[in-house]
1. At least 1 residues that are in contact (Cβ under 8 Å) with a residue 60 or more places away in the chain and under 16 Å from the mean Cα position of the chain (by Cα) in each: list the strands (runs of 3 or more DSSP E) lying fully within the stretch 198-290 that qualify.
2. Considering only residues that are in contact (Cβ under 8 Å) with a residue 12 or more places away in the chain and exposed (fewer than 10 other Cβ atoms within 10 Å of the Cβ), which ones fall in the stretch 378-398?
3. Kindly indicate which of I372, I437 is in contact with a helix residue (DSSP H, G or I) (Cβ under 6 Å, 6 or more places away or on another chain), outside the structural domain of D456 (by TED's automatic domain parsing), at pLDDT 90 or above and not small (G, A, S).
4. Restricting to the stretch 1-37, name every residue that is small (G, A, S), modelled with pLDDT under 50 and in a helix (DSSP H, G or I).
5. Would you check if there is a residue in the stretch 417-429 being at positive phi, exposed (fewer than 12 other Cβ atoms within 10 Å of the Cβ) and under 36 Å from the mean Cα position of the chain (by Cα)?
6. Evaluate the stretch 380-399: report whether one residue or more is farther than 30 Å from G336 by Cβ and touching a Ser or Thr at 6+ places or on another chain (Cβ under 7 Å).
7. Of the residues in the stretch 362-389, how many are part of a loop (DSSP other than H, G, I, E, B) and closer than 22 Å to V212 by Cα?
8. From (1) surrounded by 15 or more Cβ atoms within 10 Å (Cβ to Cβ); (2) under 28 Å from Y332 (Cβ atoms), pick out the condition that doesn't hold for L172.
Amino acid sequence: MSVTASDLAERNAGKDLYSYQQGAINKIFQCFEEAPEDYHLLYQLPTGGGKTVIFSEIVRQYLKHHNKKVLVMTHRIELCKQTSGMLTEFGVSNKVIHSKANLEDQSDFSCFVAMVETLNNRLNDGKLDISDVGLIIIDEAHYNSFTKLFKFFEKSFILGVTATPLSSNIKLPMNDNYNELIVGETIQSLIENEFLARAEVYSYNVGLTSLVVGANGDYTVKSSEDLYTNSDMLGKLIQAYEERSKHKKTLIFNNGINTSLHVYDTFRAAGYNVAHLDNTNTKSERKKILRWFKETPDAILTSVSILTTGFDEPTVDSIILNRATKSLTLYYQMIGRGSRILKNKSKFNVIDLGNNFHRFGPWGADLDWQKIFRSPNFYLDGIMSDDELEENFRYEMPDELRAEFSKSNSVYFDVKKTYIDSIRKGESSKVVLERSIHHHAYICTENSEDIYDALDLAKKLGDDIDYRIQRYTKCISKSTFNFVEWLRDDYRKKLRAHLRENFDELFEEINGFPPEE
């Protein structure tokens, strides 16, 4: 059964469909016609493309042409409510199955919306009649909590919808549960046709080798919090915000409640409008915080993963990924929170503090979803490790800082090359840091009028120093946390001492005359 123009015109309520949405509906209904009744179909469409609109129209048309019922499954209560509201807009009377729902009137409805855990309980206790359900729609289908319910619907057509057809559990690939994937409009096409805003990504290189990968295939909260709550990373976060997002409505994603609270304290101490939100907040607290965020132009909201799905705030101007992830799905979900377009908004900023851009590529890159669906392990095995990523890093001074070193033709120092040269000459590896310190002292002097200017510039080289230390410890294969911390402190002390002892000589070498007393 295909959806005709006259069918669409019959709907008195709801939203108008775009051409790509109508095209997707026709493809899905064609599959209904040709596939067996127990077929499992997966449909992919980027966040912001209108997946809920599409499947709401599918429900409306299905109920019109079939004497069967429809069940829509979500994984969060917020999504249940949003989905129910959208179905109502499309003229579909529906019942939400929550933990306290009265099911005595279930025979009066042809469409049900349920959260997966609640549905599982109701099916196991036999309180919900599913004998006449012909179509199951699964929102955010990449979550694997749904698969345990498939045994109840062995004769139903299952339609999964997701922005990223890559399972959240690497041990449960989606092609084990779905027969076919239909790929929808690309992010790039949606941007070009002004359905989504364009992401402008600013990536700050971060050393991630201290992070630990957990059983779920992503970084553990504990190791992430150890890294992202230290003073250097919090300082880098504030610096990145002030360089790229100051006065913009900003959403910050963290891996762990403790990290988010540290971020909240840091921004609050700096005098910014900031709030923290996590899954321990009550419904009323959450509602109050989100209302404040919506109504405050320069608001900063720091959170954990609670806002990656089921949250739609088009006024977000900036997304900060204050975490690393190995999940392509999470990467796309986090950035997608800023992609909603407005009359005066065609782009938004993304600050990446987790090397995610280097790992996954640009948001909206031309990914072969069919290949990823068919061979997920091949894709996952091709993702670069943290060591491989960091091997290719090269520190670049931010523009504002580089301007303070404008008299220097180059501020880059190749630690790896210097190390290799020193080893070939039979020198101690310590000479690498000595030459790096001399180079830093030289460019500080080159851009200063006196020793005080030079010492002030040296204080601003923290990120470059940390980068050089990180490269050096990789060269000597020694990178325990305490050793790296000691090297960082020792380097800064020696740089200040080198400047005090050698400033006059360096100044004369650079300028051809001694500094004025």
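The values are calculated or read from the model by the stated rules, or taken from the named source; none is laboratory data. Everything quoted here is computed from the prediction, not taken from an experiment. Virtual Cβ from ideal backbone geometry, glycine too; neighbours counted across all protein chains shown.
1. 198-203, 250-253
2. If the condition is that a residue be in contact (Cβ under 8 Å) with a residue 12 or more places away in the chain and exposed (fewer than 10 other Cβ atoms within 10 Å of the Cβ), then N392, R394 are the ones that fit.
3. None of the other options fit; the residue is I372.
4. A5, S6, A9
5. No: zero hits.
6. No, the stretch 380-399 has no match at all.
7. Of the residues in the stretch 362-389, 4 are part of a loop (DSSP other than H, G, I, E, B) and closer than 22 Å to V212 by Cα.
8. The failed condition is (1).
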